[in-house]
Structure formats: structure tokens, C-alpha cells
Amino acid sequence: MQNTTNASSEATMRRVVYGRFGEAEVLSLETAAIGEPGPDDVLVHVAGAGLNPIDWKTRKGLGFAARQIENNLPWTPGYDMAGEVVAVGRDVTTLAPGDRVMGMIGFPAGGGGYAEYAIAPAVDLALVPEELDLVSAGALPLAALTAWQALFEVAKLEAGQKVLIHAGAGGVGHFAVQFALERGAHVIATASDANRDFLAALGVHEVIDYHTTRVEDECYGLDVVLDLIGGEVGKRSLHTLSKQGVLVTIPTVTADEIITEAEAMGLRAHGMTVRPDVFHLEEIAELIEDGDVKVHIDRAFPLDQVQQAHQTLEGGHVRGKLVLDCRA
């Protein structure tokens, strides 16, 4: 299928960039040319771009992604997006202009989601269910894939098992609790008391208020722990596992120390890094289509409020997801 768009090298778009690492103030909007897709790529008019903790950590120069891009600044962040295909490369046969798509793109060195248009390999994009608006869909891929891969690829969670999910009301957490419930697990989640009703409405069996209760005093013999917090929380959570249980920790900065501690206790712990996987994304889309999983958007920010969006993201205590509305 040939490229069919009026977006040329002379057409322009707005995109977010930063030229150095630092606080949210380093984020700015610039006008740039709209590129053309390569043979296996598509050009997407972006509606929503998800905001993820890796975004602010990388902006500050922290973590493995920052090491990938430090010599390539200025750089446009954003690993999540959804929108409408406006052009396809000559070798693309699976997508066409007008298709509503979502995907995890440019990970870890490319980025590019925080923009009005983005180019992505067709193989990384899934169709967006009709039940989901495009701005909300932009918040889904990275967080949902993290939850899916942690639970089912690394931990191998099965029906009937008991799982503890830390920060269950957050971006990754609110997907993880829904996936685990759909798989038939007994789900325990930590959250603030303010999020108790939110998690109960999703079907979580037990909610532990992390302000007042230590999980190791309440839980024992668990099959799986999904640690989305890291550090001391991850280490203390090892005491909740059964001898055959496994803890999966997501924050990379403390993963090694948690794994070392687990080994000293004769237990299993793994770190993981999410990766694009369109087949997993399509399975998740089916769950949304069937009404088994919902995307909760805490707040959508217009593109020109990206600094405020990052400050909110970095502050934590977000229920569900934050997203940039790239057409606002």
C-alpha cells in the first residue's frame, strides 16, 4: 500500500522536547517537520500520549533509558501513543489510513510519543477497541504491557493463586489487579484508604492501607508479589511469600538489592523491563472489548501543559493513568 497523505516534509507539528536533563521546566514545545513513514512504518496523528514514571526519571537523567539518550539530546519523550493512521509505508499491508491504533513506540532510545504526529513500525501497533476513546487508549500500552508481562510471563500467575499487588490503584497497578482477577487469582492490593472503594469496585478481594499496615504482618504464603514500589517495600514483601512463591520488582534502581536479599532467604525474585509486544496488546484489547478491563484516566493534560503533567506524575498518588491530549 502506498503512502497516502498530504503530510509532507513541509507540513509541521508541535512536539515536546528537552535539551538537557533536569526538572519539569526543561520540557518545552517546538514546531518541527512532520516526517514520512519508512517502508515498514506508519504515520499516526496522535490523540493521546501516556505519561509513565520512566518519563520523569529519564528527564532527570536517571535509569537505563537516560543512558541511551544522553548523547542524543534534544529529544522528544513518550513511549505510549494512540491515534489515527494517516499514512503507511510502501510495504505495510496490515494497516490503512483511518485505522485507530495504539502502541508502545520508540523504546527505549527513540521516544516520540509527546507530539501531534508520530512514526512507528506497523508491527508495534494494535487496533483500538471501539469501546475505548483514543486519548484514553494512549495511556494504555506501556503500563498494561508491564502488568501483563510481569504477572504472566515472569511470575506465571495461575487461577487460584494468591497475589499481592503494591500500589494497586496506580497506572500499572490498576491494570495488574484487573488482569489477575480475570485470570482467576485471589487479589490483595496495597493502596491509600482514599483508593479503597476504587479497588473494591474493580473486584479486589483485600485492600491493605499501606499508611497503617505492614504487608508482612497481614500476608503470608503468597504465590506472587508484584512490587511496583521497590526499595524497602520490596524487601519486606519477601516475607509474605511461600517457599515456592516469586516476587517481581519493577523499579530497576533497587531490583538488584531485592534479588540479592531474596537469594539470601532462599526465595525467588526477578526484575524485568517491559518490551513492546503487539500480541499481548491485542489480548489486552480483547479484554477491554469484552468489558473485563477498564482504563481509568485520572487526568488528561493538553500538550502545552506538559510541565504541569510531569509535576503531577512525579508527585505520585495518581489513580489510574495520566495522559497528554495531543490535539488539545
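The values are calculated or read from the model by the stated rules, or taken from the named source; none is laboratory data. What you are looking at is a predicted structure, and each value in this text was computed from that prediction instead of being measured. Glycine also receives a Cβ, built like all others from the backbone with ideal geometry; neighbour counts cover every protein chain displayed.
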Take the residues in segment 177-219 that are in a helix (DSSP H, G or I) and aromatic (Phe, Trp, Tyr), then tell me which one is farthest from the chain's Cα centre (by Cα).
PHE198
When you scan segment 307-328, do you find a residue that is over 30 Å from GLU232 (Cβ atoms), surrounded by 20 or more Cβ atoms within 10 Å (Cβ to Cβ) and of a type in the set (A, V, I, L, M), even just one?
yes
Contact list please: Cβ distance under 7 Å, first residue in segment 133-150 and on the phi < 0 side of the Ramachandran plot and in contact (Cβ under 8 Å) with a residue 24 or more places away in the chain, second residue among the hydroxyl-bearing types (Ser, Thr, Tyr) and not in a helix (DSSP H, G or I), pairs at least six apart or on different chains.
LEU142/TYR79
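Restricting to segment 296-306, and then to whatever is more than 17 Å from GLY113 (Cα to Cα) and either among the charged types (D, E, K, R) or at pLDDT below 95 (or both), can you tell me which residue is surrounded by the fewest Cβ atoms within 10 Å (Cβ to Cβ)?
Filtering segment 296-306 down to residues more than 17 Å from GLY113 (Cα to Cα) leaves 296-299.
The next check asks that each one be either among the charged types (D, E, K, R) or at pLDDT below 95 (or both); those that pass are 298-299.
Numbers: ASP298: 19, ARG299: 17.
Out of the qualifying residues, it is ARG299.
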Pairs returned, first residue in segment 53-79 that is more than 16 Å from THR273 (Cβ to Cβ), second residue that is among the basic types (Lys, Arg), beta-carbon separation under 8 angstrom, 6 or more apart or interchain, are LEU73/ARG20; THR76/ARG15; PRO77/ARG59
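Got at least one residue in segment 270-284 being over 27 Å from ASP55 (Cβ atoms) and modelled with pLDDT of 95 or more? Walk me through how you get there before you give the answer.
Residues of segment 270-284 that are over 27 Å from ASP55 (Cβ atoms), as a first pass: none.
No, segment 270-284 has no match at all.
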Positions within segment 116-134 being within 21 Å of GLN307 (Cα to Cα) and surrounded by 22 or more Cβ atoms within 10 Å (Cβ to Cβ), in sequence order:
TYR117, ALA118
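Among the residues of segment 177-196 satisfying the criterion of being more than 16 Å from VAL233 (Cβ to Cβ) and of a type in the set (S, T, N, Q), which is surrounded by the most Cβ atoms within 10 Å (Cβ to Cβ)? Reasoning before the result, please.
Step one: filter segment 177-196 for residues more than 16 Å from VAL233 (Cβ to Cβ), giving 177-187, 193-196.
Now narrow it down to the ones that are of a type in the set (S, T, N, Q): 178, 195.
Values: GLN178: 25, ASN195: 23.
Among residues in segment 177-196 that are more than 16 Å from VAL233 (Cβ to Cβ) and of a type in the set (S, T, N, Q), the one surrounded by the most Cβ atoms within 10 Å (Cβ to Cβ) is GLN178.
Is it the case, given these coordinates, that ILE229 is touching a residue at least 60 places away in the same chain (Cβ under 8 Å), in contact with a Leu (Cβ under 7 Å, 6 or more places away or on another chain) and under 25 Å from THR58 (Cβ atoms)? Before you say what the answer is, go through the steps one by one.
Numbers: touching a residue at least 60 places away in the same chain (Cβ under 8 Å): yes; in contact with a Leu (Cβ under 7 Å, 6 or more places away or on another chain): no; under 25 Å from THR58 (Cβ atoms): yes.
So ILE229 does not fit the description; no.
Could you tell me whether THR252 is surrounded by fewer than 21 Cβ atoms within 10 Å (Cβ to Cβ) and more than 22 Å from ALA159 (Cβ to Cβ)? Steps first, answer last, please.
Numbers: surrounded by fewer than 21 Cβ atoms within 10 Å (Cβ to Cβ): yes; more than 22 Å from ALA159 (Cβ to Cβ): yes.
Criteria met by THR252.
For ALA65, are the conditions met, namely being in contact with a Ser or Thr (Cβ under 6 Å, 6 or more places away or on another chain) and closer than 23 Å to GLY170 by Cβ? Walk me through it before giving the result.
Working: in contact with a Ser or Thr (Cβ under 6 Å, 6 or more places away or on another chain): yes; closer than 23 Å to GLY170 by Cβ: yes.
The answer is yes for ALA65.
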Mind checking which strands (runs of 3 or more DSSP E) fall wholly inside segment 229-328 and carry at least 1 residues that are over 20 Å from MET102 (Cβ atoms) and among the β-branched types (Val, Ile, Thr)?
241-249
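If you check GLY113, GLY83, GLY168, GLY89, which single one turns out to be farther than 30 Å from ARG20 by Cβ, touching a residue at least 24 places away in the same chain (Cβ under 8 Å) and crowded, with 24+ Cβ neighbours inside 10 Å?
Numbers: GLY113 fails: farther than 30 Å from ARG20 by Cβ; GLY83 fails: farther than 30 Å from ARG20 by Cβ; GLY89 fails: crowded, with 24+ Cβ neighbours inside 10 Å.
Being farther than 30 Å from ARG20 by Cβ, touching a residue at least 24 places away in the same chain (Cβ under 8 Å) and crowded, with 24+ Cβ neighbours inside 10 Å holds for just one of GLY113, GLY83, GLY168, GLY89, which is GLY168.
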Of all residues in segment 20-39, which are touching a residue at least 40 places away in the same chain (Cβ under 8 Å) and under 24 Å from the mean Cα position of the chain (by Cα)?
ARG20, PHE21, ALA24, GLU25, LEU27, LEU29
